[in-house]
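Peer 1: Encoded as structure tokens, here's the structure I'll be asking about.
The values are calculated or read from the model by the stated rules, or taken from the named source; none is laboratory data. Here the structure is a predicted model, which means the values were calculated and not measured. Note that we place each Cβ from the backbone using ideal geometry, even for glycine, and neighbour counts take in every protein chain shown. For the accessible areas, the whole protein counts, side chains as well, though only heavy atoms, and no ligand, DNA or RNA atoms are used. Shrake-Rupley method; radii C 1.70, N 1.55, O 1.52, S 1.80 Å.
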Amino acid sequence: MISIANVKKVFSTRNGPVTAVDDINLNIQEGEIFGIIGYSGAGKSTMIRMLNGLEAPTSGTVTVAGREISKIKGGALRKARQEISMIFQHFNLLWSRTVRENIAFPLEIAGIGKKERKERVDELIKLVGLEGREDSYPSQLSGGQKQRVGIARALANNPKVLLCDEATSALDPQTTDSILELLVDINKRLGLTIVLITHEMHVIRKICHRVAVMEEGRVVEIGPVLDVFKKPEQPITKRFVQQVTEPEESKETIQHLLEQMPEGQVVKLTFIGESAEQPIITELIRRFNIAVNIVQGKVSHTQNGAYGSLFVHLTGPKEEVTGAVAYLEQHQVDSEVITYA
């Protein structure tokens with residue numbers, strides 16, 4: 001569906017050339033929810049803008065739905081963009097138009113007749129859950145409702161690809177989850193290919209099938225989301241994964257525990273797939289002469305399966321603790337002894 005080959009983008013500035021995207025190669029499959037994550041300045045926004053022709057690559061090729069977006073212009077590009085829709089962080093709605101009129105706008109531009117336009121808008125309002133708000137103006141809507149309007153408008157022309165540019169960054173956590181659930185539902189119902197850029201690993205974890213991690217214009221790591229959670233390779237990827245698995249309050253709790261009980265070991269256990277649903281801690285206590293104090297833990301679900309992390313404080317004879325850690329690893333549970341300076 002999407003092929004990005006040897007793409008480079010260099011901007012000219014007063015201080016000289018700036019490379020925003022540096023030799024990117026990506027293939028995104030039809031019907032996939034693909035995430036691109038990176039901090040500000042990583043090049044992810046430039047990357048997504050090249051997918052719909054808002055930016056042209058300095059070199060390399062960008063192909064979407066069989067069209068080489070990086071080469072076409074004018075009418076051909078406008079036609080191609082009908083199959084590539086986009087939703088934005090700040091919604092970009094027309095404030096003088098109602099919900100219905102905002103959603104109908106791309107259909108008007110495409111020359112769709114009034115009757116067919118109304119039928120399509122009604123269908124989209126139902127799809128995104130905005131029944132009863134058809135005649136409201138953007139100023140009368142919550143942030144989540146505005147984004148639902150943006151999504152409905154983006155779907156008006158039955159696109160093959162939906163680009164999401166930090167689409168949940170302006171929303172509170174609960175509203176973010178509802179929008180992400182809507183995107184997953186749309187992906188399943190319509191078979192729509194979704195490319196989502198973000199700086200939040202929670203967003204990637206919740207809906208993406210695969211993720212590419214960007215840093216300084218390059219893709220430094222790529223893979224299925226569950227694999228990236230299980231074995232993050234690059235330092236930046238580890239930081240992103242820690243957003244979900246090891247929040248700041250965990251560090252404070254563990255540091256306090258190590259100060260109060262220095263004779264024990266705090267171990268971070270990582271459960272993947274079926275092991276995340278097994279009563280493995282119970283079995284550990286039965287088999288070994290150790291005490292297990294659970295510090296913090298949770299199980300999260302990705303599109304590829306379950307992922308769990310658990311911080312435990314182990315005390316007991318050294319050989320028993322060592323044996324317990326070995327037992328965990330034999331049962332597909334990665335373990336890491338935690339120390340915080």
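Peer 1: Would region 170-251 count as rounded, prolate or oblate if I go by the C-alpha gyration tensor, calling it rounded below 1.5 in a/c and otherwise prolate when a/b exceeds b/c, oblate otherwise? Show your work: numbers first, answer last.
Peer 2: On the way: a/c = 1.98, a/b = 1.32, b/c = 1.50.
Oblate, because a/c is 1.5 or more while a/b does not exceed b/c.
Peer 1: Could you calculate the contour length gain from GLU134 to HIS90, that is, 0.36 nm times the residue separation minus the distance between their Cα atoms, to one decimal place in nm?
Peer 2: Working: separation 44, 0.36 × 44 = 15.84 nm, distance 2.00 nm.
Result for the pair: 13.8 nm of gain on full extension.
Peer 1: Express the C-alpha Rg of region 57-108 as a ratio against the empirical globular expectation 2.2 N^0.38 Å, rounded to two decimals.
Peer 2: On the way: Rg = 14.4 Å, N = 52, 2.2 N^0.38 = 9.9 Å.
Here the Cα radius of gyration is 1.46 times the empirical estimate.
Peer 1: Something else: Can you list which of the GluC sites (Glu not before Pro) found in region 1-103 are DSSP loop residues with at most 14 other C-beta atoms within 10 Å? Don't skip to the end; give the middle numbers.
Peer 2: Values: sites: GLU30, GLU32, GLU55, GLU68, GLU83, GLU101; in loops: GLU30, GLU32, GLU55, GLU83.
Sites meeting the loop and neighbour criteria: GLU30.
Peer 1: Next question, about the same structure. Could you go through region 282-296 in sequence order and give the Karplus-derived ³J(HN,Hα) for each residue, using 6.51 cos²θ - 1.76 cosθ + 1.60 with θ = phi - 60°, rounded to whole Hz, and x for Gly and Pro?
Peer 2: Taking θ as phi minus 60°, the curve returns 4, 5, 4, 5, 5, 8, 10, 7, 9, 9, 10, 10, 7, 8, 6 Hz for region 282-296.
Peer 1: Take the Cβ-Cβ distance between HIS256 and LYS114 as r, set R0 to 45 Å, and report the resulting FRET efficiency rounded to the nearest 0.05.
Peer 2: It comes out at approximately 0.10.
Peer 1: With a 1.4 Å probe and all protein chains kept in place, how do GLU283, GLU233 rank by accessible area, largest first? Before the final figure, lay out the partial values.
Peer 2: Numbers: GLU283 55, GLU233 135 Å².
Greatest to least solvent exposure: GLU233, GLU283.
Peer 1: How big is the gap, in Å, between the Cα center of region 58-130 and the Cα center of region 1-45?
Peer 2: 23
Peer 1: Then there is this: By what distance, in whole Å, do the Cα atoms of the chain stretch along each of the three principal axes, largest value first?
Peer 2: 78, 51, 34
Peer 1: Next up: Around ALA212, which amide H atoms from residues at least 5 apart in sequence, or from another chain, sit under 5 Å from its own amide H, with H modelled in the peptide plane?
Peer 2: GLY35, ILE36, ILE37
Peer 1: With the calculation restricted to Cα positions, what are the radius of gyration and Dmax of region 24-152 in angstrom?
Peer 2: Final numbers for Rg and Dmax: 16.8, 48 Å.
Peer 1: Loop only by DSSP, 11 or fewer other Cβ within 10 Å of the Cβ. Give me the chymotrypsin sites (Phe, Trp or Tyr not before Pro) in region 1-96 that pass, ordered by residue number.
Peer 2: On the way: sites: PHE11, PHE34, TYR39, PHE88, PHE91, TRP95; in loops: TYR39, PHE91, TRP95.
Qualifying residues, ordered by number: TRP95.
Peer 1: Quick one: what are the phi-derived ³J(HN,Hα) couplings along region 199-208, Karplus 6.51/-1.76/1.60 with θ = phi - 60°, whole Hz, x for glycine and proline?
Peer 2: 10, 10, 5, 4, 5, 4, 4, 6, 10, 7
Peer 1: Exactly which trypsin sites (Lys or Arg not before Pro) in region 3-68 are in a DSSP loop and have at most 12 other Cβ atoms within 10 Å?
Peer 2: Details: sites: LYS8, LYS9, ARG14, LYS44, ARG49, ARG67; in loops: ARG14.
Here the trypsin sites (Lys or Arg not before Pro) that fit, given the DSSP loop and packing criteria, are ARG14.
Peer 1: So what is the accessible area of region 1-125 per residue, in Å², with the probe set to 1.4 Å?
Peer 2: Numbers: 6500 Å² over 125 residues.
Normalised by residue count, the accessible surface of region 1-125 is 52 Å².
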